[in-house]
Amino acid sequence: MRRSIDQLRERGQSVSLVELAQELLAISAPPDPALARSVVSLTLGRPAASLPERLDASDLRPGFESAVAALRLDAADYVIVDLETTGLAVQGAAILEIGAVRISGLKLVERFETLVRPPGKVPPAIVRLTGIHDAMVAEAPTARQAVRRFRSWLDRTPNAPFVAHNAGFDYGFTVRAFEQCGFDPYPVTVLCTRMLSRRLLPELGRYNLDHVCAHFGISNRARHRALGDAVATAHVWIELVEIAVARWGLRTVGDLIDMQRRPPKRRKRRRRTVR
């Protein structure tokens, strides 16, 4: 569905609800108009009654994207998030620490930080990586308490894009935590500093957080702690937005969303000369 919508948007032409639904469902015959309206409504996350009979390219975004797509990159609000967890698997690991920064007008305006008491002991490998041990989290908020505070903090800017380095990891754990605590879904635009670094800085070659920070001269004295990494990622984000505007001519959040979806350019390997 995402690929179909992106292809239709790239054409820059308007499309009827029936044509769009037919494309999304990958069927040969046009669907019933009422069914088409329902399918498009569910796909874009917009009320069926609000959909016009024909959609322009700018309309072909999910509701949460359309809420921010037209905003200027240097004026929008963003939330930069980093999580420390007890493992890598969303289904089996737990959140150990949450760090987040709110950016407005490309300035860091607010921070959020909390340890989270996991259901079991902190694995030794995670202790070595983060320095977070069992005694540190013994009196920390439970997952439900910490996640409730975090969700309240996020809801103060409900449409702000969710930004992280390797954002699929942090967003996946966040959504899973909200589901486990019985909170409403959290559909927002997700932007990844790692993916965007590859597209905006194809010459860089390596895109882990340490290397990208070093490229920009950003120091991180609290590496592998949630707030330390969130603050470092926030500074990376500001640098990337400025590059997107100055070097690539991007202007809006929608422009950056589209840039993130482009395949990254492959670096040309230098041929070795045999002597």
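The values are calculated or read from the model by the stated rules, or taken from the named source; none is laboratory data. Bear in mind that the values here come from a model prediction, so they are computed numbers and not experimental data. Because the Cβ atoms are built from the backbone with ideal geometry, glycine has one as well, and the counts that use them run over all protein chains shown. To get the accessible areas, we keep the full protein, side chains included, count just its heavy atoms, and leave off ligands, DNA and RNA. Shrake-Rupley method; radii C 1.70, N 1.55, O 1.52, S 1.80 Å.
For this structure, a couple of remarks:
- Considered as a group, the residues in region 200-238 that are closer than 19 Å to residue 111 by Cα, of a type in the set (D, E, K, R) and at pLDDT 95 or above include one that is least open to solvent (accessible area, probe 1.4 Å), and that residue is 229.
- Residue check for residue 28: open to solvent by 20 Å² or more (accessible area, probe 1.4 Å), out of contact with any helix residue (DSSP H, G or I) (no Cβ under 7 Å at 6 or more places or on another chain) and either in a loop (DSSP other than H, G, I, E, B) or modelled with pLDDT under 95 (or both): yes
- Residue satisfying all of: in region 119-130; at pLDDT 95 or above and not basic (Lys, Arg); farthest from the chain's Cα centre (by Cα) among these: 124
- Selection count where residues are touching a strand residue (DSSP E or B) at 6+ places or on another chain (Cβ under 7 Å), among the basic types (Lys, Arg) and not in a loop (DSSP other than H, G, I, E, B), scope region 245-263: 0
- Residue satisfying all of: in region 52-65; of a type outside the set (D, E, K, R) and under 30 Å from residue 108 (Cβ atoms); most open to solvent (accessible area, probe 1.4 Å) among these: 64
- Qualifying residue in region 165-177 (condition: assigned to a loop (DSSP other than H, G, I, E, B) and in contact with a Leu (Cβ under 6 Å, 6 or more places away or on another chain)): yes
- Flag for residue 3 being basic (Lys, Arg), out of contact with any helix residue (DSSP H, G or I) (no Cβ under 6 Å at 6 or more places or on another chain) and crowded, with 19+ Cβ neighbours inside 10 Å: no
- Where a residue in region 1-29 is among the charged types (D, E, K, R) and its partner, wherever it lies, is outside any helix (DSSP H, G or I), with Cβ under 6 Å and at least six apart: 9/60
- Selection from region 6-25 of residues that are open to solvent by 50 Å² or more (accessible area, probe 1.4 Å), under 13 Å from residue 54 (Cα atoms) and in a helix (DSSP H, G or I): 19
- Positions within region 239-256 being among the small types (Gly, Ala, Ser) and open to solvent by 10 Å² or more (accessible area, probe 1.4 Å), in sequence order: 246, 249
- Subset tally (residues that are within 12 Å of residue 79 (Cβ to Cβ) and out of contact with any Lys or Arg (no Cβ under 8 Å at 6 or more places or on another chain)) for region 157-187: 9
- Top-ranked residue of region 175-207 - restricted to ones that are closer than 24 Å to residue 261 by Cα and of a type in the set (Gly, Ala, Ser), ranked as farthest from the chain's Cα centre (by Cα): 205
- Residues within region 31-44 that are surrounded by 15 or more Cβ atoms within 10 Å (Cβ to Cβ) and either touching a strand residue (DSSP E or B) at 6+ places or on another chain (Cβ under 9 Å) or touching a residue at least 12 places away in the same chain (Cβ under 8 Å) (or both), tallied: 7
- Qualifying residues in region 66-84 (those that are over 21 Å from residue 243 (Cβ atoms) and surrounded by 21 or more Cβ atoms within 10 Å (Cβ to Cβ)) - the one farthest from the chain's Cα centre (by Cα): 84
- Taken over region 147-164, the residue count meeting the criterion of being more than 23 Å from residue 70 (Cα to Cα) and outside any helix (DSSP H, G or I) is 0.
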